Each structure stands twice: as structure tokens, then as C-alpha cells.
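Student: First, the structure itself, so that you have it in front of you.
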Amino acid sequence: MSRDLYKILGVSKSASADEIRKAYRQKAKTLHPDLHPDDKAKADQFKEVSAAFEILGDEEKRKKYDRGEIDSDGNPTGFAGGGQGGFGRNYGAYSDFARSGGSAQGDPFEDILAGMFGQQRRRPGPRKGADLRYRVEISFEDAVMGAKRQMTMGDGKALNVSIPPGIETGQTLRLKSQGQPSSTGGPPGDALLEVQVRPSTIWKRDGDDLRMTVPIPLKTAVAGGSVDVQTPAGTVTLKVPEGSNTGTVLRLRNKGVQFKDKPGHLYVRLEIMLEDPKDPGLKEWAAGR
């Protein structure tokens, strides 16, 4: 049976694009592997939610899924509208079987029809080549900003990859026609890249936002001033108000995850650092002399 992608994300079929994205982010944040490092069940749920969003979060793929033209894995069903009660959704599973080894014995779906109507099995027509699956590691900065990179896979194949901003560990990128060529004259398969995001020593991701800690001199904390802050997009100047203290949090607008419609923010936690803890003048000041 095909999975119901709407049920996986917990939304109705009439949900808006914003509702779908919000539901995905909430579930992904709860199920993220970083929060459950040894929980395989949570990791599988995270992958399932990410796979569902890969289709429902894409307007064209969602329309095709709703019409039954692709199944819950994004594979063509072979029968437009089949999801409403025909053979469409089940045919996707048979196509997967044929591509993974069943093709040598012909199309099992055609065998069933032939048996039902007493016909001889027809020669299979052109079918899509097999998909190739890879695991790739990307930098934290590329995951936040988005990027275009040429990556060399484990089998030596070089692929041009467009990394969308906001991608997370466990999500899959699909590169059309970059898989195995078809042996029956059909289109090539796709390359499926399961993404692993390298953690950052500077920033931590919090949904759409980023968080970091920045040290500041005592003088700047007391009198105010400015400090340079490193963001994934480059260095910017942050104004520190006078009378700031360790734990004060300042916001850099739109310096978080670079979603096109609404970028996240970067929250900077200040931490006072003494430039010279043994400074005699500092000791006199602390002693009130």
C-alpha cells in the first residue's frame, strides 16, 4: 500500500503551502537525529517526514501526486489519476520491483493482466533506468545559505548539485536523469543524495534561526561600542549598547537560514571576556580605590 504523505505530515489535502512547510518544520525539529542520536525509529520517522515534504513542498510534484501521476516515493505510477481507485498507486510498487531485478522476467503488472484475460505476456516497453543512491556531506554554511557545488560520489561520478537553503541532515536531493541508463531505451534513472550536514563550531541552528556566542571586552560592555560578528554570509558589525552584560542577546535580522520567502535571524549572546585579568588597574577599580 502506498503511504499517505498528507497523514505523514499531519495536514489535510487542502492545506496551503505555508501550512505544509510549517508542519514539516515542527516535525523535523522534534524528530531531528541530533536530538535522538541512538533512536533508529526516530531517524526513520525523520526520513519519512523529509521524503513527504520533498513531494508536498514542491508545487509541481504535489499536483502530480494529487492526480496520481507519481507515488509516495516520487516515482511515476504509469496511470494519471490512478490514486483515485485505479491501478495507479500499486503500479508504482511494481515499477520499483521491475527496476530492481524484475525486468529480467518482464513486468509483473503485465503478467497479472495477461493471466486475467488469457493473453500472452507483452514485451515490456521502454522503462526508466535504475536510481543511484549516495550519501553526501555538506558544510553547515552551504546548508544555511544554499549553494551550487560539483561533488564527486563514492563511485567516482562527478555531479553538479544545487543545495537549497535550509536543507537538514536526513533529507534527500533528487538529481533528475543522473542515475543508471535504461537498458530498454527509456530515460535514465535519477541520483538520490542523502544529505549529512557537518555541525558548526560557531553557530547552532534553531529552526529558521541561528544562535552563537560572541566575546566582548569589559569596556565595550560598560560603555557600548561595536564588535565584528562572523555570519555564514561573511563578517558584519554588531552594535553593542552600553550597560550590556553576559547573557545579553542581540538580533541580526535576516542573517539566519536564507529561505527565499522569509529568512531567519541570527541571535548573538554576549559574553564578557577580560582582556587582561591580571591588570593592576582593573584590580584597583574592582577594589574601589
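Student: For the pair D39/R251, report the inter-label distance in nm, with labels modelled 7 Å from Cα in the Cβ direction.
Tutor: According to this spin-label approximation, the distance is 3.0 nm.
Student: Shifting gears a bit: Using 0.36 nm times the number of residues separating M212 and D279, minus their current alpha carbon distance, what extension gain do you get? Please list the in-between numbers first.
Tutor: Working: separation 67, 0.36 × 67 = 24.12 nm, distance 2.84 nm.
Working it through step by step, the gained length comes to 21.3 nm.
Student: Along the charge dipole of the range 128-199, pointing to its positive end and built from +1/-1 on Cβ of Lys, Arg, Asp and Glu, which listed residue (V136, P181, L193) has its Cα farthest out?
Tutor: P181
Student: Using the Karplus equation 6.51 cos²θ - 1.76 cosθ + 1.60 (θ = phi - 60°), what ³J(HN,Hα) coupling, rounded to whole Hz, does each residue of the range 62-76 give in order, writing x for Gly and Pro?
Tutor: Here the 3J(HN,Hα) series is 4, 4, 5, 5, 5, 7, x, 7, 10, 8, 5, 9, x, 8, x Hz.
Student: Pop a pseudo-label 7 angstrom from the Cα along the beta-carbon direction at both K13 and K157 and give the gap in nm to one decimal.
Tutor: Label at K13, label at K157, 3.5 nm between them.
A short reminder: the numbers here are calculations on the coordinates, not readings from a lab. None of the values given here were measured: they were computed from a predicted structure. Cβ atoms come from the backbone with ideal geometry, glycine included; neighbour counts cover every protein chain shown.
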